[in-house]
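Heads up, the thing below is written out as structure tokens.
A short reminder: the numbers here are calculations on the coordinates, not readings from a lab. Only a predicted model underlies this, so the values are computations on that prediction, with no experimental measurement involved. Cβ atoms come from the backbone with ideal geometry, glycine included; neighbour counts cover every protein chain shown.
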Amino acid sequence: MVKMKRKIDFLPRRLEKEDIALAPTYWGRLLSKYRYYRNRAIKESEPGYATFIAILMTAIAKHDRYLIDTAIEITKDNVPRETHLAIAGSALCDFGEKEKGLSMLREATRLKPSHANILAMVANTDDSEEAEDLVNKVLNEDPQNTEALRLLAYAKYYGGEPEEAEKIFDEILLKEPDNNFAVEFKGNIYFDKEEYDNALSQYLKIKLKPRPISLQLKISHCYYLLGNLKKAKKIAKKIQGKISKIYKTDEYLENSDEILSEILNS
């Protein structure tokens, strides 16, 4: 275990934009608040919630699996157990440790069956039927829960019902036109239908800064498939040395190296 020196001196003062861009989109927003949590962590009399979050942010940004164990160990007595389990479990799932991560998420949900904990489990299970059952429990109590609707759309999509998924994303976008998750996945659906111009239009609507590397790859691929090799290669060259480091959060990204190679060699 890391011996704390002034509590969190082993953490960087700030996270580089390049590191944030490698993370999944849903971590991107939180990572942009790193300095806030780090500053709060410095003021904690004992390593608690802010320290826990700051270390996990660094683990995700730096691809440092060991830091998750460090975060768990040094904050376990000062963060509610269900919160500890839910957040650490989600981070482990992103590192590919689904079995362990989901086990922690299930225990967190058993201890506190809040909507947040249920939806965290839904976001990480590969069982689309289980995901749909769980998310419907939340929607029965809170029909306007955007996060639940988004995850229901994911469950429909991965369960082989892309048209139903698209209807739900359209419903979300009517209420929240700037919902980045819905915009990007609507683009994914267009991409699957080989409507690359519509997919590109969706991806370009996302104004995240820094723009996630995974999203840049999708934009480059669309340009490539639409025959605009100049723009495709320009983006591909920028992300060439980073693409192998991105989190492979869906089947498309599992082929990221091959896609980039095809674009650069065209």
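The equivalent ellipsoid of segment 1-128 has semi-axes of 23, 17, 12 Å, largest first, where each one is the square root of 5 times an eigenvalue of the Cα gyration tensor.
Compute the signed sum of charges (Lys and Arg +1, Asp and Glu -1) over the other residues within less than 12 Å, Cβ to Cβ, of residue 224. Don't skip to the answer; put the middle values down first.
Numbers: positive: 218, 230, 231, 233, 234; negative: 262.
Taking every other residue near residue 224 into account, the sum is +4.
Once the gyration tensor of the Cα atoms in segment 96-202 is diagonalised, the equivalent ellipsoid follows with semi-axes of 26, 16, 11 Å, ordered largest first. Against the longest alpha carbon principal axis of the chain, how many degrees, from 0 to 90 and to the nearest 10, is the axis of helix 66-75 turned? Approximately 40 degrees, to the nearest ten.
Phi angles across segment 58-63 convert, under the Karplus curve 6.51 cos²θ - 1.76 cosθ + 1.60 with θ = phi - 60°, into 3J(HN,Hα) values of 5, 4, 5, 5, 9, 6 Hz, Gly and Pro given as x. Radius of gyration over Kirkwood radius for segment 208-266, both on Cα atoms: the Rg/Rh ratio is 0.93. Counting only lysines at least 8 places from residue 137 when in the same chain, those with an alpha carbon closer than 27 Å to its own are 98, 100, 112, 156, 167, 175, 186.
One quarter of the surface of the convex hull around the alpha-carbon atoms of the chain equals 14.3 nm², the direction-averaged projected area.
Using the Cβ of residue 248 as centre and a radius below 13 Å, the other residues enclosed give a net charge of -4, where K and R count +1 and D and E count -1.
Taking the centroid of alpha carbons for each part, segment 97-168 and segment 1-78 are 26 Å apart.
Counting other Cβ atoms within 10 Å, which GluC sites (Glu not before Pro) in segment 1-96 have at most 12 and lie in a DSSP loop? The qualifying sites are 16.
With θ taken as phi - 60° and the Karplus curve 6.51 cos²θ - 1.76 cosθ + 1.60 applied, the whole-hertz 3J(HN,Hα) list for segment 138-151 is 5, 5, 5, 8, 9, x, 9, 5, 4, 5, 5, 4, 4, 6 Hz, x standing for glycine and proline.
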